[in-house]
There are 4 protein chains.
Amino acid sequence: MNTNRIKHVGVFTSGGDSPGMNAALYAIAKAAEKNGIKLTGIKKGYEGLIDGDFTTLKSYDLQKLVHTGGTVLKTARSKRFMELEGRKKALQTLHTNHIDALIAIGGDGTFKGLLAFSEICDIPFIGIPGTIDNDISGTDYTLGFDSAVNTAIENIDKIRDTAESHNRIFIVEVMGKDSGYIAIHSGLTTGADAILIPESGKDFIYLLDKVKNYDSEDAFLVVVSEGDEIGAELLATKIKEINANVDLRITRLGHVQRGGNPSALDRMLGVRLGVAAIDVLLLGKKNVMAGVLNNQLHFTVFEEVVKQHQVNDELQELLELITN
Amino acid sequence: MNTNRIKHVGVFTSGGDSPGMNAALYAIAKAAEKNGIKLTGIKKGYEGLIDGDFTTLKSYDLQKLVHTGGTVLKTARSKRFMELEGRKKALQTLHTNHIDALIAIGGDGTFKGLLAFSEICDIPFIGIPGTIDNDISGTDYTLGFDSAVNTAIENIDKIRDTAESHNRIFIVEVMGKDSGYIAIHSGLTTGADAILIPESGKDFIYLLDKVKNYDSEDAFLVVVSEGDEIGAELLATKIKEINANVDLRITRLGHVQRGGNPSALDRMLGVRLGVAAIDVLLLGKKNVMAGVLNNQLHFTVFEEVVKQHQVNDELQELLELITN
Amino acid sequence: MNTNRIKHVGVFTSGGDSPGMNAALYAIAKAAEKNGIKLTGIKKGYEGLIDGDFTTLKSYDLQKLVHTGGTVLKTARSKRFMELEGRKKALQTLHTNHIDALIAIGGDGTFKGLLAFSEICDIPFIGIPGTIDNDISGTDYTLGFDSAVNTAIENIDKIRDTAESHNRIFIVEVMGKDSGYIAIHSGLTTGADAILIPESGKDFIYLLDKVKNYDSEDAFLVVVSEGDEIGAELLATKIKEINANVDLRITRLGHVQRGGNPSALDRMLGVRLGVAAIDVLLLGKKNVMAGVLNNQLHFTVFEEVVKQHQVNDELQELLELITN
Amino acid sequence: MNTNRIKHVGVFTSGGDSPGMNAALYAIAKAAEKNGIKLTGIKKGYEGLIDGDFTTLKSYDLQKLVHTGGTVLKTARSKRFMELEGRKKALQTLHTNHIDALIAIGGDGTFKGLLAFSEICDIPFIGIPGTIDNDISGTDYTLGFDSAVNTAIENIDKIRDTAESHNRIFIVEVMGKDSGYIAIHSGLTTGADAILIPESGKDFIYLLDKVKNYDSEDAFLVVVSEGDEIGAELLATKIKEINANVDLRITRLGHVQRGGNPSALDRMLGVRLGVAAIDVLLLGKKNVMAGVLNNQLHFTVFEEVVKQHQVNDELQELLELITN
């Protein structure tokens, strides 16, 4: 075993922040300490990697932050790292500081960055999927997805109070970029009357059929993914065309879905993946993302990771059954 | 004492729903039962009063709903009641059903309706201030205000996670119509860097001064009342003009502020005002709103109620001190 | 396919209530309606089955209750059903009402009841695992477990505030009966210093070693499963023997872990398993529990289900790594 | 005006921690900075005052912590300060560090300590009432009370789910020491069937009368203050004596009531009182507690503060009406 090769690991968070990142950092610190590995926190993602903006991470401090949202390492998107120039500078920083492995917590873009970096840097990289969008292959859930859905449904539950009090139609737009995961999960779990996601071949016509017969004597909830092509405003217009009497409101949940204390599942996922990242480094692997696939630890090469994560068939069938 | 005059009370909720309305209904039912008064629930506000859309309210059932948002009586805005024709029909409905007193839970518009109705109907009316906006004179807080602020700050706390992780400026727009109460409370209690409310003589220039020197190394939170004249988009434009490098996002909290389980304060306020409404009817009073002013039960004639509730001097001074 | 055999399904909840049961009932109702199956709700578990205490379940009504805790069908433990006499009476009730399949949502005891009942009743039974304890084989999670853990950690997070403010040791006892699942999940996700579960071969000695060196300059959190043999009081005594100066408190989270709105995961699990229960009945299967194993729908015969669900190796290793 | 006399203020938190203390510290720091006053944070209450365990408080840092529970200054009970010896040492520490005014956030015991200290130390002291128990005269609410009640009712709401699902009696014991405030507020706002508080002349007989007729077909919730003389266990015994068939559980909410993010009201109270403490120091006052009485800023001399705060008549009457 080449355990002794890894002496100093750098870790950073990149892309949008997501709840559970601090739990992952805690577990990484704990596992590193247990294995006698030095751990350096790199601030603001690839920006800090280029600039050598470092901090020390101790499990003793992070233990108090397992329950917190955001990321103590801060995060950023880095234009400089998209240029070869920037990546060369990052490589220099790694050498200067004798960092011999990297753990990156982030989404799609983060792993594309690692792939590009691997062309000039041959130390091992381990990825951890951190994004609320759940749009990454090789894991059942990304870090932050469950928290985002819980935030979404708590807010949709509140909206239901008003919708029922007024017999009103509410169109609630949730996040997820090109992925319908947040929408389908939050819609199915709040008793939504219709759910619109980008992956669905079906258009919004079925929704209009339901609305045509809507008698204005009850709430009617529509959950729309921000990635769905119709968009909340146009949908509202179409609904009013078909049934002019409806009382209708649009709410965009927005950035609240991105923050807040992580859910139990996300904290646990962070702990599991953080420990797995150190374990797999010690086993000599490189350039894989640690995920939990079919509820088991699973490691996927970056080339596979960046492929689109599709809403699976079981979910699509549930959507069909429940909302039609 | 003319206690024996009141035998049958009708109650309705009107205008926007607000958390705590069901708690008030519970207390009204309890107090009515204790005093041998028949209680009829009128559905959908003035609409149900016109149409005789009634339901029975028992404290036994409402006891299970004290903790719920929305209103079990449903609510609506009524165009018909704004016409004399509609009010005459409502009067007829009251007579037909031998209702000899009315309790109305709602906002400004609700009390204006009662004033107009009092010109042709001389049974006693009692109002309870139910609106999240806290824009009613004669009470420290309206029913639902504290819940709305709690919902707002829990969401702003989540946004802080992301703002700090990204060193980002967030403009958060909160509700309140023409009143800055929700904005000033939610801004002062979330460590906001700036708060913009319609009542403030001050314009947003002071905010721009702060932003000019903002070094993009931390979060910067702005809470704006929806009633403030500048508006989130224009504010964003102004900020970018003064400091082009900032990373800025706008979030509108929207309708989530209106729903959800009521806070402890709102439930308690509902219980206090519900019991007070029955008590004051039994004392022979009419056409007053029951409120809690300076933390004491207080009854205000409708003519006074509909005057604008101003953000008081202490709050204005706090705003000045904390955000400048 | 014998799809046409099933015309009338009865469903009941049994044992302790758990969050997500109403979501499962909603999905069962929806799937039954889509497939032209009559659905009857049986109240109070086996008690209602014996007595014919029935109610009608419509997806239209249940849609408003997906987000609620508890069970609208009520639940109970039935001594009568443990006797052959009671089961014969239940059989008679089923025949009289032409119910030709049963869906039962409950725990270990519920499935043992179905096994005993299957000796005299040959209509198909489908089980759905509903218990907060996660002590059932054949599913990654039982309905209610994730909600219970989320409730536990939100409360432990609050306790952390006080523990850190006072530099205090807190022993927090969580539920789970003989299973350490709630303890291990809630301990690992709150930065607990020690976690005691019944499945661990390790005794509490390692904890005492940590406490011996505890310098009273920080919080120290211990999460103990109610099934662990030492118990919170004896543990407190042992700790004080080893370090007399510590400031120590015990908190039992108790029944709050059992109620509350279900988490996103539990609602989704309820929806998935509810639909799966109807699907599998239509496929002609009988006497299996629908679960989600390795994140895939999975059906397990009752004989296997009632075997003990062990905390798996990965979790045990995490426990070892994180808390030692 | 003797504004220029105060140049250096020390602040500490003492007694049990309570949500809102950090919000108060933020406001104190902001107001001190605006007025050119140096601010020193004293750690662990009177212990830090004796030992000179100090830290610097900046509004820039505290702004990020307005929403957090506990106290960043830590808190402790001090045996040494109860002796003249300890107080003399504290006096010496103040002189050495040129601290010319003290702000103390705490409860009853804290203010007694200030009174004793005032015998040998003549710099001005200002108190802020910080305790969840609401047992202090001179203020409508103490800092932390509203948060504790909100935590209590959210947990009692969860217990209601189980109580209704099982038709069960629940006895829920809440905190409050000798004060029934938390019990009466949390009971009235959760639809409790009975509430037992120490201040009530009435014994638990009325409760037994209700239970005698309880038909076990619904939930029955009892909220008991920890200060009530009967206690949950004896009450349970009495209930079972009168109605042997009931299904009954006891839950003690315990320390969770003390922590957690402060509610909107507590944050606002912290901000108001923090600013008021600095303001009143600048006006030359000394040895008063800043409170909000009848919703107005109010200053009470310590001698009055330490008198018992009684549950007022309106609340007692509500209790009588709602639960009988």
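From the Cα gyration tensor of the stretch C:145-258, with a ≥ b ≥ c the square roots of its eigenvalues, which class applies: rounded if a/c is under 1.5, or else prolate if a/b is larger than b/c, or else oblate? If you can, show how the numbers build up before the last one.
On the way: a/c = 1.97, a/b = 1.30, b/c = 1.52.
Verdict is oblate for the stretch C:145-258.
Which entries of A:Lys158/B:Lys88; D:Lys58/D:Lys307; A:Lys58/C:Lys158; D:Lys38/D:Lys112; A:Lys74/D:Lys74; A:Lys88/B:Lys210 have Cα-Cα distances beyond 30 Å here?
Values: A:Lys158/B:Lys88 36 Å; D:Lys58/D:Lys307 34 Å; A:Lys58/C:Lys158 23 Å; D:Lys38/D:Lys112 26 Å; A:Lys74/D:Lys74 27 Å; A:Lys88/B:Lys210 37 Å.
Table pairs above 30 Å Cα-Cα are A:Lys158/B:Lys88; D:Lys58/D:Lys307; A:Lys88/B:Lys210.
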Checklist entry - Where does the charge balance sit around D:Pro124 when Lys and Arg score +1, Asp and Glu -1, over other residues with C-beta under 11 Å from its C-beta? => result +1
Checklist outcome for this item: Among residues of the stretch D:308-324, a drop of 20 Å² or more in 1.4 Å probe accessible area, assembly relative to the chain on its own, occurs for D:Glu314, D:Leu318, D:Leu321, D:Ile322, D:Asn324
Checklist entry - Among C:Leu269, C:Leu235, C:Leu49, which one moves the most in a GNM of chain C with springs linking Cα atoms closer than 10 Å? => result C:Leu235
Checklist entry - Among residues other than D:Asp100 whose Cβ falls under 9 Å from its Cβ, what is the net charge (Lys/Arg +1, Asp/Glu -1)? => result +2
Checklist entry - What percent does the relative contact order of chain C come to when contacts are Cα pairs within less than 8 Å and at least six residues apart? => result 25 percent
Item to check | Delta accessible area of at least 20 Å² on complex formation, residues of the stretch C:31-75, 1.4 Å probe, chain isolated as reference | outcome: C:Lys34, C:Lys44, C:Tyr60, C:Gln63, C:Lys64, C:Val66, C:His67, C:Lys74, C:Thr75
Next on the checklist: Going by amide H atoms built from the backbone, whose H comes under 5 Å of the H on C:Leu196, apart from near neighbours?
Outcome noted: C:Val223, C:Val224, C:Ser225
Checklist outcome for this item: Accessible-area loss of at least 30 Å² in the complex relative to the chain alone (1.4 Å probe) applies, within the stretch B:231-277, to B:Thr251, B:His255, B:Val256, B:Gly260, B:Ala264, B:Leu265, B:Arg267, B:Met268, B:Val271, B:Arg272, B:Val275
Item to check | Heavy-atom accessible surface that D and B bury in contact, both chains counted, 1.4 Å, Å² to 100 | outcome: 4100 Å²
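Sort chain B into rounded, prolate or oblate with this rule: let a ≥ b ≥ c be the square roots of the eigenvalues of the Cα gyration tensor; rounded if a/c is under 1.5, and if a/c is not under 1.5, prolate when a/b is larger than b/c, oblate otherwise. Don't jump to the answer; show the numbers that get you there.
Numbers: a/c = 2.52, a/b = 2.33, b/c = 1.08.
Judged from the Cα gyration tensor, chain B comes out prolate (a/c at least 1.5, a/b above b/c).
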Checklist entry - Looking at the stretch B:223-324, which GluC sites (Glu not before Pro) are in a loop (DSSP not H, G, I, E or B) and have at most 15 other Cβ atoms within 10 Å? => result B:Glu229
Item to check | Length-normalised contact order for the stretch C:199-320 - Cα pairs under 8 Å, 6+ apart - percent | outcome: 19 percent
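Can you send over the carbon and sulfur percentage of the accessible area for the stretch C:125-245, probe radius 1.4 Å, protein chains only?
On the way: 1400 of 3310 Å².
After summing per-atom areas, the C and S share lands at 42 percent.
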Checklist entry - Over the stretch C:145-258, what relative contact order in percent results from Cα pairs under 8 Å that are six or more residues apart? => result 40 percent
Checklist entry - Residues with beta-carbon under 9 Å from that of D:Leu248, excluding D:Leu248: net charge, scoring Lys, Arg +1 and Asp, Glu -1? => result +2
Item to check | GNM flexibility winner over chain A from A:Asp140, A:Asp228, A:Asp313 (Cα, springs under 10 Å) | outcome: A:Asp313
Checklist entry - How far is it, in nm, from the label point at B:Met82 to the one at C:Arg5 when both lie 7 Å from their Cα along the line to the Cβ? => result 6.3 nm
Checklist entry - Is the protein assembly as shown rounded, prolate or oblate when judged by the Cα gyration tensor, a ≥ b ≥ c being the square roots of its eigenvalues, rounded requiring a/c under 1.5 and prolate requiring a/b larger than b/c? => result rounded
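Which of the trypsin sites (Lys or Arg not before Pro) found in the stretch D:65-109 are loop residues per DSSP with 15 or fewer other Cβ atoms within 10 Å of their Cβ?
D:Lys79
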Checklist outcome for this item: CD proxy, 222 nm, chain A: helix-only mean residue ellipticity via -39,500 (n - 2.57) per DSSP H run with n ≥ 4, per residue, nearest 500, stands at -12000 deg cm²/dmol
Checklist outcome for this item: Note on chain D: helices (DSSP H) long enough, at least 24 Å by alpha carbon along their axis, and hydrophobic enough, mean Kyte-Doolittle at least 1.0, are D:264-282
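Given +1 on the Cβ of Lys and Arg, -1 on the Cβ of Asp and Glu, and no further charges, what dipole in debye does the stretch D:148-257 carry about its Cα centre, rounded to the nearest 20?
With Lys and Arg at +1 and Asp and Glu at -1, about 100 debye.
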Checklist entry - How large is the charge dipole for chain D, taken about the Cα centre, if only the Cβ atoms of Lys, Arg (+1) and Asp, Glu (-1) carry charge, to the nearest 20 debye? => result 1840 debye
Checklist entry - If the label point is 7 Å along Cα→Cβ of C:Asn97, which residues in the stretch C:269-295 have backbone nitrogen under 18 Å from it? => result C:278
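The values are calculated or read from the model by the stated rules, or taken from the named source; none is laboratory data. Computed from a predicted model, the values in this text were never measured in an experiment. Using ideal geometry, Cβ is built from the backbone for each residue, glycine included, and neighbour counts are taken over all protein chains shown. Surface accessibility is based on the protein's heavy atoms, side chains included, excluding ligands, DNA and RNA. Shrake-Rupley method; radii C 1.70, N 1.55, O 1.52, S 1.80 Å.
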